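The values are calculated or read from the model by the stated rules, or taken from the named source; none is laboratory data. Given the structure is predicted, the values throughout are model-derived calculations rather than measurements. Here Cβ is always computed from backbone atoms with ideal geometry, including for glycine, and neighbour counts include all displayed protein chains.
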Amino acid sequence: MKLDEFFALHNVFTFKELELSLSSNQNPSIKSSTLYNLLTYHENQGHILRIRRGLYYSVPKGLDPTHCPVNPFLVGSKMAEDAVIAYGSALDLHGKLHTIQNRVVYLTKKRVMASFDFREIKYQAVAIPSALKAAGKETFGVQPMDRLGQQVLVTSLERTLVDVLDRPYLCGSWEEIWLSLESIEYLDMDLVLKYALLLANSTTIAKLGFFLETHREALMVPEHYLEELRKHCPVKPHYMDRNQSESQKMVSKWNLVVPLSLINREWEEPNANI
């Protein structure tokens, strides 16, 4: 495969992917230094855009590389060999995030590095939850999704729902989280329950139970799922958000202390339904 053919088929690619593609086509092995020189040439010609070392974007013909749009999810999916778009970014990729954010969060087994900024987007790596690693279930609820002809790995809506409640700071405010999760129309409750129990975090389970109970009609949640979640709730009251300075209320059924603004949905206008 020629370089221009490879560029046409890959919007975003890594140096390693290009090297493997060339070697898999029965071409004589090419030195890394020679390949870097070729990439530098094409970068100078405006054919590709260097995002960071070893990561490139193929510039469509006729576009200025300094101003051409770059899909952030494709970039995020290549930030690590095992990158999985997750948390608020997964909601965004699924079309469920209420407010677009200027960051892409991805999971990786690799050592988590400092966040990386490109074109006003922050790319943030986060570690896979330790409970999943211990169980050997790191890829539970991970699915492929097509993005501009390339495959992107993303957490399913079932896993994302639980993940966001587990690490809310990776999505946004509770208002943002609630409005985003409320846009989900259907969930496989068996997968939701299985994943929540796999994480084995009683506070997260309580938050999940509280959310599902308050949206049980919209999501058609059978009572036996709520009963199963209640078996794994905290023994003592846990705060939904310890950083909240506002008034909070104890929801005894879930042993969960919840911000009043969330219970009362204070972001809604008083006369919104009139």
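Pairs are defined by a Cβ separation below 7 Å, a sequence spacing of at least 6 or placement on different chains, a first member in the stretch 215-229 that is among the β-branched types (V, I, T), and a second member that is assigned to a helix (DSSP H, G or I) and modelled with pLDDT of 95 or more; the pairs so defined are V221/M189; V221/L212. Confirm whether K194 is within 22 Å of the chain's Cα centre (by Cα), surrounded by 20 or more Cβ atoms within 10 Å (Cβ to Cβ) and in the same structural domain as W254 (by TED's automatic domain parsing). No, not satisfied.
Is the stretch 54-62 home to any residue that is farther than 27 Å from M145 by Cβ and over 27 Å from the mean Cα position of the chain (by Cα)? Looking through the stretch 54-62, at least one residue is farther than 27 Å from M145 by Cβ and over 27 Å from the mean Cα position of the chain (by Cα). For the stretch 244-255, a residue qualifies if it is over 12 Å from W174 (Cα atoms) and either out of contact with any Pro (no Cβ under 7 Å at 6 or more places or on another chain) or assigned to a loop (DSSP other than H, G, I, E, B) (or both), and the qualifying residues are S245, E246, S247, K249, V251, S252, K253, W254, N255. Against the list (1) touching a helix residue (DSSP H, G or I) at 6+ places or on another chain (Cβ under 8 Å); (2) of a type in the set (S, T, N, Q); (3) free of Cβ contacts under 8 Å to residues at least 40 places away in the same chain; (4) closer than 22 Å to D163 by Cα, the condition N201 fails is (3). Pairing each residue of the stretch 74-96 that is among the aromatic types (F, W, Y) with any residue that is buried (at least 23 other Cβ atoms within 10 Å of the Cβ) and part of a loop (DSSP other than H, G, I, E, B), provided the two are 6+ apart or on different chains, yields C-beta distances under 6 Å for Y87/C171.
Restricting attention to the stretch 102-125, the residues that are in contact (Cβ under 8 Å) with a residue 60 or more places away in the chain and within 19 Å of R159 (Cβ to Cβ) total 1. Within the stretch 40-69, the set of residues being at positive phi and out of contact with any helix residue (DSSP H, G or I) (no Cβ under 6 Å at 6 or more places or on another chain) comprises G46, G62.
On the given criteria, is L63 closer than 30 Å to H42 by Cα, of a type in the set (A, V, I, L, M, F, W, C) and outside the structural domain of K207 (by TED's automatic domain parsing)?
Numbers: closer than 30 Å to H42 by Cα: yes; of a type in the set (A, V, I, L, M, F, W, C): yes; outside the structural domain of K207 (by TED's automatic domain parsing): yes.
Yes; evaluated as a whole, the condition is true for this residue.
Considering only the stretch 105-161, state which residues are in a loop (DSSP other than H, G, I, E, B) and within 22 Å of G95 (Cα to Cα). Matches in the stretch 105-161: R119, E120, T139, F140, G141, L148, G149, S156. Tell me which residues, restricted to the stretch 230-239, are in contact with a helix residue (DSSP H, G or I) (Cβ under 6 Å, 6 or more places away or on another chain) and either in a loop (DSSP other than H, G, I, E, B) or of a type in the set (K, R) (or both). Result: H232, C233, P234. Counting only helices (runs of 4 or more DSSP H) that sit wholly inside the stretch 165-223, those with at least 3 residues that are among the aliphatic types (A, V, I, L, M) are 174-181, 189-199, 202-214.
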